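The values are calculated or read from the model by the stated rules, or taken from the named source; none is laboratory data. Worth saying up front: this structure is predicted, and the values here are computed from it rather than measured. Here the Cβ positions follow ideal geometry from the backbone for every residue, glycine too, while neighbour counts run over all protein chains shown.
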């Protein structure tokens, strides 16, 4: 999945980076890195993104994808930062 296509896809779905990250079970910063091209989605992430696009999301798939993607986080501290930002600066992004 190319950088422009992920960004366009997210916009087409009407999702913010934070919304997409939550649906995938990753940190918002991970989505930012994918869109900036500094990192690339794993095969699991691509499958999870595809399930969102095709409307085949289910609770079980979301739990499975989130668990798998949590294992693949390149910077888990980003999730802590996102949580901190959300708690202390809601609506800042």
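General observations
- Screening residue 90 with (1) part of a loop (DSSP other than H, G, I, E, B); (2) at pLDDT 75 or above gives one miss only, at (2).
- Every residue from segment 32-45 that is part of a helix (DSSP H, G or I) and either without any contact (Cβ under 8 Å) to a residue 24 or more places away in the chain or over 20 Å from residue 86 (Cα atoms) (or both): 32, 34, 35, 36, 43, 44, 45
- Out of 60, 42, 51, 16, sole residue that is out of contact with any helix residue (DSSP H, G or I) (no Cβ under 7 Å at 6 or more places or on another chain) and modelled with pLDDT under 90: 60
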